[in-house]
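Student: Please read through the structure below; I'll follow up with questions.
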Amino acid sequence: MSSNKRPQERIGVYVCHCGSNIAGVVDVADVSAWAGKELGQDGVVVARDYKFMCSSLGQELIERDIKEKGLTRVVVAACSPHLHEPTFRAACARAGVNPYLFEMTNIREQDSWVTTDKMEATKKAKALIAAAVGRVAYQKPLESLYVPIDPNVLIVGGGVTGIQAALEIANSGQHVYLVEREPSIGGHMAQFDKTFPTLDCSACILTPKMFDAGNHKNITLLTWSEVEKVEGYIGNFTITIRKRARFIDQDLCTGCGVCWEKCPKKVVDPVFEAGLGYRKAVYTPFPQAVPKFPVIDHENCTYFIKGTCKACEKFCPTGAIKFDQQDEILTVKVGNIILATGYDLFDARKIPNYGYGRLPNVFTSLEFERMTNAAGPTLGRVVLRDGVTQPKSVAIIHCVGSRDKNYNNYCSGICCMQSLKFAHLVKEKTGGDVYQFYIDMRTPGKTYDEFYQRIIQEGSNMIRGKVAEITNTARDAREEGKLIVQVEDTLVGKQRRIPVDMVVLSAGLEARADAKEVAQKFGISCSADDWFIERHPKLDPVATMTDGVFVAGACQGPKDIPASVAQGAAAAARVLSIIGQGEIEIEAATAIVDEVTCVGCKECIASCPYQAIQYLEDKGKAYVQEALCKGCGTCVGTCLPKSISLKHFTDEQIVAEMIGAMRTMKSFETVEVA
């Protein structure tokens, strides 16, 4: 095959079997032999196949050939570059070849995994390798950029995940800004009574961590605050934070509680008490709140509505009430960011046939959590909506809003164990009958199944089947005054109507309502279900595609408390490893602007998904901030005068790649015709 490549390039081609992932469909031995014979005139001087190229032996094979055969370019045909491109780049670098003179072509996800036709798969593998060989000869050595790392860290979200991450980093001696939008840290865990499967008191295990985070010398706690703007790149982020007015002078406030004791205005608490309880217009969410300072509810305070009252100000012994306090805008510099923004609970009103919001004694799981909490609105008593009557029978419905194609198709992971915990609490507090309605019982965690067996032994009635309807329409005297659960019991194969006094809907977890907005602000992506997307679901579950931005806890997907805490610690470890380096290497394959031909139209700025392009007012030109650029190429396609090029993806390289593939496929057509 003829070639127009530079004759001095010496190219090595390595084809991976990937066990049977590739070799089960592609004839890798034939592909390797073909590359050595047919691509010799294109500069290929050695072609090999090996069972696992990513193994240490496979990498040593490449390094040895580079040194002994004087290779100047390397092509590996294997799995996705997303997975192992850094592996082979490092092997080339160790042997003295610039990492950007290596090219990886994907013959697994783009070939062997998408067909069972071995002949066609083998042909495509050859074409992909020919394309890579054509391209690699035109690749140029690039030098990575190194940026210094600011040791300060921003953590967004003060739930148990954010608290764990903050303490891990702060205890290592680094400074953390912990931002929480509510008046106190603690998150959802602060609302719970017990935690499965050990039935520990939630407050007992969370409160010490909250106190440590609120009083740590290396943690700046910013509650009642939100991040408004994020600028910069890994190692050098500039964060703008709005600290909302509490109308309380924190330097003067002692947290004595006189202000909310004297406040005459009571309102329903829709957040912490889930609408079951009341709070004052000046309040702390719960007794163990951190920080201890209250907040004045601007929308419900009589002074802000009518200009009268000021009872809190009159009785405050330290004069800490400041009705003229304004929001404060803070700007901080950090090197890394951890997002631990948590989840929202599925709105059970979306399923009208379950009657929530219409039938008074249908409760959500969060309402039941607050009801069973000793510090909750009923002081831990399980009662109906009248606040007095104790139920004699309770139905607990699993998977409300989860595993349902009409709402959320995924499993929320916590519903089964949460429902089992509720069954135990009902038995413990009322001694009543419990009916559990489940689709499948999923208890995969440590000692989780033992907990399941315990609940069965306690006498819970387990009914396998998806509940069709909850109604108060009685058909006989036994159903009068009851809620009737209509369900198909799949274990006995019949329809059943079960009358109960109370129904608890074990609602699933959803991404926060503002997840997309937050993701855009921090330059990351969301899944189809709006959960934050990680760099790799198995090998890099806390990093994102934006360097320096990490995700942890339930903002990344449904998970329970142990998994959230572990992920918070993992994100902290990743951040500390970056801080410890002092500086970090940035990908060299970035866009570059030719200032001679740039007309300053700003089209590239609008198109860049990573906000990596700036407009230089003094020059009237666009400028690429290389530390932010991910080399996606969007700006290259947008630029009408072709003033932006992408290093490592030049027109010359891409055309050579196309020619290599097309020429090879054409040769196969010629053979078939002959």
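Student: Of the labelled options (1) 1.28; (2) 1.18; (3) 1.34, which one gives Cα Rg over 2.2 N^0.38 Å as computed for this structure?
Tutor: Among (1) 1.28; (2) 1.18; (3) 1.34, the one derived from this structure is (2).
Student: In the chain, what % of DSSP beta bridges are antiparallel (nearest 5)?
Tutor: Among the beta bridges of the chain, antiparallel pairing accounts for roughly 50 percent.
Student: Pairs of lysine in the stretch 563-674 with Cα under 25 Å and at least 8 positions apart or on different chains: total?
Tutor: Pairs that pass both the separation and distance tests number 13.
Student: So if I take the centroid of the Cα atoms in the stretch 41-82 and the same for the stretch 250-309, what is the distance between those two points in Å?
Tutor: For the stretch 41-82 versus the stretch 250-309, the Cα centre distance is 67 Å.
Student: Additional query: I'd like to check one number: the per residue accessible area of the chain, probe 1.4 Å, reported in Å² as a whole number.
Tutor: 45 Å²
Student: Okay, next question. In what order, largest first, do Phe368, Phe196 sit by accessible area if the probe radius is 1.4 Å?
Tutor: The most accessible residue leads, giving Phe196, Phe368.
Student: A further question follows. Would you pull out the residues with amide H under 5 Å of Ile219's amide H, same chain only if 5 or more places away, H placed 1.01 Å from N?
Tutor: So Ile219 has HN proximity to Val176.
Student: Also, quick follow-up: Work through the residues other than Trp531 whose Cβ is under 10 Å from its Cβ and net out their charges, Lys, Arg +1 and Asp, Glu -1.
Tutor: Around Trp531, the charge tally is -3.
Student: Let me ask something additional. Would you work out which of Phe52, Ser525, Thr116 lies farthest towards the positive end of the dipole of the chain, given +1 charges on the beta-carbon of Lys and Arg and -1 on that of Asp and Glu, about the Cα centre?
Tutor: Ser525
Student: Do any of Lys482/Lys559; Lys392/Lys421; Lys427/Lys559; Lys209/Lys427; Lys209/Lys310 go past 24 Å between their Cα atoms, and which?
Tutor: Check vs 24 Å cut-off fails for Lys482/Lys559; Lys427/Lys559; Lys209/Lys427; Lys209/Lys310.
Student: Counting only residues 5 or more places away or on other chains, whose amide H sits under 5 Å from the amide H of Phe550 once H atoms are built in the peptide plane?
Tutor: Excluding prolines and chain starts, which carry no amide H, the hits are Ile337, Ile338, Leu339.
Student: Let's test the formula: R0 of 25 Å, r as the Cβ-Cβ distance of Lys429 and Tyr278. What FRET efficiency results, to the nearest 0.05?
Tutor: That pair, Lys429 with Tyr278, gives E of 0.65.
Student: A follow-up question, please. For the chain, list the DSSP H helices whose alpha carbon atoms reach 24 Å or more along the long axis and whose average Kyte-Doolittle value is 0.5 or above?
Tutor: 561-581
Student: Assign one of three labels to the stretch 555-625, namely rounded, prolate or oblate, based on the Cα gyration tensor with a ≥ b ≥ c the square roots of its eigenvalues; rounded applies when a/c is under 1.5, prolate when it is not and a/b is larger than b/c, and oblate otherwise.
Tutor: The shape class here is prolate.
Student: Going 7 Å from the Cα of Cys204 in the Cα-to-Cβ direction, what parts of the stretch 365-381 have a backbone nitrogen less than 19 Å from that spot?
Tutor: Taking a point 7 Å out along Cα→Cβ of Cys204, the residues of the stretch 365-381 whose backbone N falls under 19 Å are 369-376, 379-381.
Student: Right, next: Where the centroid of each part is defined by its Cα atoms, how far is the stretch 355-410 from the stretch 104-183 in Å?
Tutor: 42 Å
Student: Using protein chains only and a probe of 1.4 angstrom, how many square angstrom of Arg478 are accessible, to the nearest 10?
Tutor: Rounded to the nearest 10, the figure is 140 Å².
Student: Compute the length gained on full extension between Lys350 and Val388: take 0.36 nm times their separation in residues and subtract their Cα-Cα distance, giving the result in nm to one decimal.
Tutor: 10.8 nm
Student: What is the percent of Cα-Cα separations in the stretch 350-426 that go past 18 Å?
Tutor: When all Cα pairs of the stretch 350-426 are counted, 45 percent exceed 18 Å.
Student: Moving on to the next point. Just subtract the alpha-carbon distance of Val271 and Phe323 from 0.36 nm times their residue separation and send over the number in nm, one decimal.
Tutor: 16.4 nm
Student: Here's another thing I want to ask about it. Please report the carbon-and-sulfur percent of the accessible area for the chain; probe 1.4 Å, protein heavy atoms only, DNA, RNA and ligands left out.
Tutor: Reported share for carbon and sulfur atoms: 51 percent.
Student: State the extension gain, in nm to one decimal, for the chain segment bounded by Ser80 and Glu469, taking 0.36 nm per residue of separation less the distance between their alpha-carbons.
Tutor: Computed gain between Ser80 and Glu469 is 135.3 nm.
Student: Per DSSP helix of 4 or more residues, -39500 (n - 2.57); summed, then divided by the residues of the chain. What does that give at 222 nm, rounded to the nearest 500?
Tutor: -9000 deg cm²/dmol
The values are calculated or read from the model by the stated rules, or taken from the named source; none is laboratory data. Values in this document were obtained by computation on a predicted structure and should not be read as measured data. Note that we place each Cβ from the backbone using ideal geometry, even for glycine, and neighbour counts take in every protein chain shown. Calculation scope for accessible area: heavy atoms of the full protein, side chains included, ligands and nucleic acids excluded. Shrake-Rupley method; radii C 1.70, N 1.55, O 1.52, S 1.80 Å.
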